[in-house]
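What follows is a single structure, and I will ask about it in a moment.
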Amino acid sequence: MNIICDKYDREYQVTQCDPGGYERFNIEYHGNRAGYANCHFEGDVLHIDDLHIDEKAMRPRLFFVDLFFLAFSFPPERWRITNYQNRGLGTAMIDFLANYGRKKLAKCMEGEIKQYDFKNNPRLPEWYRRRGFVVVTGDIKTAAVARVSLVL
Ligand SMILES: CC(C)(COP(=O)(O)OP(=O)(O)OC[C@H]1O[C@@H](n2cnc3c(N)ncnc32)[C@H](O)[C@@H]1OP(=O)(O)O)[C@@H](O)C(=O)NCCC(=O)NCCS
C-alpha cells in the first residue's frame, strides 16, 4: 500500500490501477476520493496526463448518523464537502510520481498545462517552477499553454 502525507501529516492512501493505455493513481482519505493522477510512459519519459486534487469532494452519508436526519435533508450537503487543495497533496503527488518514475528507470517527467487549467489557475506555471520543473511556454504543436519537465 502506498501512503502520501499532506502538510498536516495526515496520511492518504494511493492505489494504482490500469484502466487500459495509461496508469491511474487514486488518492483516498478514509475511503473518500481526494484526487487522482493519470500518467503513461513514452520510452524513458513518464508523461503526466492529468493531476487533480479535488476541490469539492463529497463525503458519502454516514448511514447510522445521517439516516435519522434524512427526512429533514440534514445535514446539509455543504457539511459533507471537503476541499483537499492547498494541503500539500499536489506537491506530495509530484514527489510520489517522481519516485515511481525513477523506480521504472524513467529519466524525465513531463506534462502540459492546458488552456482550461491555466484559465482556472494562472499560477500553475509558477506552481510547477517552484517544484523544480522547467516550464516552457507557448508550445505551438499541442496548443498547450506550457510544457513542464523535470529531470529524474
Ligand atoms: C494544481 C494542483 C494539482 C495543486 O495541488 P494542491 O494540492 O492544491 O497544491 P499544494 O498544496 O501542493 O501547493 C499549493 C500551495 O501550498 C503550499 N504548500 C505545499 N506543500 C506545503 C507544505 N508541505 N507545507 C506548507 N505549505 C505547503 C505551497 O506553498 C503552495 O503554494 P505555491 O503555489 O505558492 O507554491 C491542484 O490545485 C489542482 O488539482 N487543481 C485543479 C486541476 C489542475 O489545475 N491540475 C493541474 C493540471 S497541469
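Once amide H atoms are placed 1.01 Å from N in the peptide plane, what residues at a sequence separation of 5 or more from D50, or on another chain, have their amide H within under 5 Å of its amide H?
N38
Using a Gaussian network model on the chain with a 10 Å cutoff between Cα atoms, which of Y128, Y29, Y116 fluctuates the most?
Of the options given, Y116 has the highest mean-square fluctuation.
For the chain, what is the per residue volume of the convex hull drawn over the alpha-carbon atoms, in cubic angstrom?
Details: hull volume 21.8 nm³, N = 152.
Measuring per residue, one finds 143 Å³ for the Cα hull of the chain.
Straight-line reach from K119: which lysines have Cα under 19 Å away, leaving out those fewer than 8 places along the same chain?
Straight-line reach from K119, under 19 Å: K56.
Additional query: What is the Cα centroid distance between segment 33-57 and segment 77-96, reported in whole angstrom?
So the two Cα centres are separated by 14 Å.
Right, here's the next one. Given the rule -39500 (n - 2.57) for each run of at least 4 DSSP H residues, summed and divided by the residues of the chain, what is its mean residue ellipticity at 222 nm, to the nearest 500 deg cm²/dmol?
That comes out to -6500 deg cm²/dmol.
Taking amide hydrogens as modeled 1.01 Å from N in the peptide plane, which residues meet the under 5 Å criterion relative to F41, leaving out close sequence neighbours?
Those lying under 5 Å, H to H, from F41 are H47.
Where a number appears in this text, it was derived from the coordinates with a stated rule and is not lab data. It should be emphasised that the depicted structure is a prediction, and the values quoted were computed from it without experimental measurement.
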